[in-house]
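A quick write-up on the structure given underneath.
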Amino acid sequence: MAPGAARRARRRVRGAPPAGARARSAEDWWWDRLVPSGSGYHLLQSDSMLLLLPGPGPARPRAQRRASRRTQRLLPAAARAPAAKARPRLAPAPEPSRGPDPGWGDRIPLEILLQIFGLLVAAEGPMPFLGRAARVCRRWHEAASQPALWHTVTLSPPLAGRLAKSGAKAEKKLLASLEWLMPSRFSQLQRLTLIHWKSQVHPVLKLVSECCPRLTFLKLSDCHGVTPDTMVMLAKACSQLHSLDIQHSMVESTAVVNFLEEAGPRMRKLWLTYSSQTTAILGALLGSRCPRLQLLEVSTGISRNSAPLQLPVEALQKGCPQLQVLRLLNLTWLPKPVGRVAAPGPGFPSLEELCLAGSTCNFVSDEALGRLLHGSPSLRLLDLRGCARITPAGLCDLPCQELQQLHLGLYGMSDRLTLAKEGSHLLTHKWHHSLRELDLSGQGFNEKDLDQALAAFSATPGGSPPALCSVNLRGTRVTPSTVSSVISSCPGLLYLNLESCRCLPRGLKRAYRGQEEVQWCLEQLLTSLPSSG
């Protein structure tokens with residue numbers, strides 16, 4: 001390359017005007033590089049710089065811009081001065097008033113704001129809405145600071161699940177905020193949930209005992225370090241506390257027993273996770289420490305305990321005579337044996353819900369179920385999913401006459417069990433007038449028995465339609481004619497599960513939700529009936 005060509009190439013790389021453009025002014029060369037934009041700015045770019053210049057107005061053609069600049073240069077200074085003076089001056093924009101503008105937020109009465117905030121808190125909870133609303137204006141801050149809105153609160157450190165050091169730092173930071181927030185906001189707190197507190201749960205519960213005298217419900221989820229002194233302090237300070245949920249938390253059995261000794265007479269609801277220490281807690285219940293207990297739930301934790309729970313049924317009936325809900329979820333348990341001449345227990349006369357559901361086959365039999373429910377005429381919900389040893393005859397002997405929900409599903413275990421082929425009609429003929437939900441998924445009843453069972457919903461007394469709104473027949477041998485009869489007889493049916501039903505046509509073996517889908521299923525079944533016959 002010649003030396004002159006090399007110099008011209010370097011000038012182009014640096015972004016300078018090329019040598020052949022020296023006849024034109026440098027200003028003309030840069031104007032050629034301007035790109036007008038719709039926002040009133042021009043983008044000026046070269047190989048070595050990028051400039052953003054304010055645009056003079058709408059873009060003009062290049063020739064017009066050049067002619068205007070040449071005319072300005074040719075005019076004498078005396079002729080250019082009057083033209084500059086003749087340009088109209090824009091009137092200065094009026095300055096905005098600096099006085100305080102209350103805005104529409106301050107014009108809303110405080111009572112109306114409290115009602116609006118109350119609806120939002122009921123739907124979404126107080127946080128983070130109340131914290132954000134308090135920064136809008138003074139009126140909103142006054143409304144958001146009302147303790148009546150802070151009746152249900154969930155507190156969780158923002159760094160939960162990360163490194164232990166970061167989690168402890170986040171807990172201390174949140175605790176510092178609670179030290180000024182609780183005295184001013186939580187005086188009417190009723191329900192409190194603490195999640196993922198590992199190191200600062202004791203200071204938080206101490207603040208609760210000092211600032212929340214109306215607390216009625218406390219839930220500790222994945223919390224560590226709960227000591228007996230903390231629980232006793234809480235039971236003494238919060239005289240209205242009657243519900244305790246400590247599932248999936250590391251709480252010593254001594255702490256729970258001491259708490260029940262102090263707050264037992266007023267306890268209504270108790271949630272526990274089964275462990276080796278559960279027996280000591282149940283011992284407190286059996287000793288009539290909680291005579292007014294209405295709900296008891298014991299579930300299996302993440303680390304499943306292989307040892308079965310021996311439940312003294314009769315002693316529990318004596319210790320908790322007002323029990324309304326009993327749930328033993330995914331739990332392997334056995335009723336404690338009794339002597340041959342032992343008298344039956346008093347039962348649970350107020351029991352309305354019994355849930356013994358599990359993901360694996362358990363040891364619940366007709367005899368154990370009879371010991372639990374022989375004195376429970378008011379039972380409304382019976383969940384026996386996974387209880388493969390329960391027979392229709394054993395269910396038919398129960399004293400409850402107004403059962404509304406019956407769940408007998410066997411999920412993933414029916415292939416390796418010997419199931420009853422008949423007896424489903426005994427269940428529907430007894431409770432067809434009151435059943436709203438029926439779950440027979442995985443059961444081995446034959447086609448004829450299922451047809452007799454579901455035909456009970458076609459003949460209701462008084463001509464009123466059945467109350468049935470949910471039916472789960474997944475994996476059963478139900479036939480198309482039986483399903484169409486159920487849909488026609490139950491106008492309120494909203495859920496129908498026909499997955500894996502081997503006797504149904506292809507394309508219809510799925511779950512249907514809503515009246516429109518259920519009616520569509522009926523139309524398809526009625527169309528397929530002649531061809532199947």
Dividing the alpha-carbon Rg of the range 117-270 by 2.2 N^0.38 Å yields what? 1.05
I'd like the Karplus ³J(HN,Hα) series for the range 139-145: coefficients 6.51, -1.76, 1.60, θ = phi - 60°, whole numbers in Hz, and an x wherever there's a Gly or Pro. 5, 5, 5, 5, 5, 5, 8
From the cross-link list Lys219/Lys318; Lys172/Lys198; Lys172/Lys269; Lys421/Lys448; Lys169/Lys236, which pairs have alpha carbons spaced over 19 Å apart? Lys219/Lys318; Lys172/Lys269; Lys169/Lys236
Taking only the alpha-carbon positions of the range 349-418 as identical scatterers, the Debye log10 I(q)/I(0) at q = 0.14 Å⁻¹ comes out as -0.40
Dividing the alpha-carbon radius of gyration of the range 196-336 by 2.2 N^0.38 Å (N being the number of residues), what value is obtained? 1.01
Over the alpha-carbon set of the range 322-383, work out the extent along each principal axis and list the three values in angstrom, largest first. 34, 25, 16
Computed FRET value (nearest 0.05) for Lys173 with Leu114, which takes r as the C-beta separation and R₀ as 35 Å: 0.70
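No lab work stands behind these numbers, since they all come straight from the coordinates. What you see is a predicted model; the values in this text were computed from it and never measured. As a convention, Cβ positions derive from the backbone with ideal geometry for all residues, glycine included, and neighbour counts pool all protein chains shown.
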